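The values are calculated or read from the model by the stated rules, or taken from the named source; none is laboratory data. All figures in this text were calculated on a predicted structure; none of them were measured in a lab. FYI the Cβ positions are ideal-geometry reconstructions off the backbone, even for glycines, and counts take in every protein chain you see. For accessibility, only protein heavy atoms count, side chains too; no ligands or nucleic acids. Shrake-Rupley method; radii C 1.70, N 1.55, O 1.52, S 1.80 Å.
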Amino acid sequence: MVVTTRDRLDAFDNSGTFAIQAVDQLRPVALTTNSTTNLSGIPITLGFARAVTAGASIGELATFDDFNINQFKLSNGELLTVSQDSVSGAASTLSPGSTVNFTLTTGSGLGLNGGSPGFCGAPQAQGPPLLAVNAETNVFSLCHATGHSSANDRVVVFKAAPSQSGYDFSTCVNVVLELVGDTPKPLNQ
């Protein structure tokens, strides 16, 4: 689904706290992960930790939880983590074929232009709003992660492409990412 200019007036880039769930956009079939079948959507959390510098890590949107972070918010076009502890994170710049990564630090040092702009929520006629990048909602896939201990571990990929590292392209399913939780705050309020 591409959000048109007219629809963009209803899009929002500031929100309350929400969870993210992946829903197969092509078939009304259940997605299965970690021995769980879910007809309404697969919960997405922050997984796959790897250190980049002292005090900073990289995580990615995934079906497995390495950080105990499953709440997010939109702030001025940035997708940010909402954590119960002192970890803060902002989605990194997206490139076609890459997983949706977050830079994480201890404390509240990220956000407010520390992440990648261009994220927004796009209302649906029915159901929760969808996560969009540059006003497009049909840009995400859920793919089996490579190099993980469980064959059911999946990562969220932006514009999935063959010959990329970190996931198996042949397993990718096109999904939309629903924002489930607090009522969004439209731009005009």
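Some observations on this one:
- Residues in region 54-82 that are over 18 Å from Val156 (Cα atoms) and touching a Cys at 6+ places or on another chain (Cβ under 7 Å): Gly77 alone.
- Residues in region 172-189 that are part of a strand (DSSP E or B) and at pLDDT below 75: Lys185 alone.
- Conditions (1) surrounded by fewer than 23 Cβ atoms within 10 Å (Cβ to Cβ); (2) at pLDDT 85 or above; (3) within 22 Å of Gly16 (Cα to Cα): number failed by Phe158: (3)
- For region 49-75, taking the residues that are open to solvent by 70 Å² or more (accessible area, probe 1.4 Å) and at pLDDT below 85, the one that is nearest to Gly181 (Cα to Cα) is identified as Asn68.
- Hits in region 148-171 (condition: in a strand (DSSP E or B) and within 15 Å of the chain's Cα centre (by Cα)): Arg154, Val155, Val156, Val157, Phe158
- When residues in region 130-147 are screened for being in a loop (DSSP other than H, G, I, E, B), at pLDDT below 90 and open to solvent by less than 40 Å² (accessible area, probe 1.4 Å), 1 of them pass.
- Selection status of Gly121, open to solvent by less than 60 Å² (accessible area, probe 1.4 Å), modelled with pLDDT under 90 and in a strand (DSSP E or B): yes
- Each residue in region 94-110 was checked for being modelled with pLDDT of 85 or more, surrounded by fewer than 19 Cβ atoms within 10 Å (Cβ to Cβ) and polar (S, T, N, Q), and 1 of them qualify.
- In this structure, Asp24 qualifies as touching a Leu at 6+ places or on another chain (Cβ under 9 Å), modelled with pLDDT of 85 or more and of a type outside the set (Ser, Thr, Tyr).
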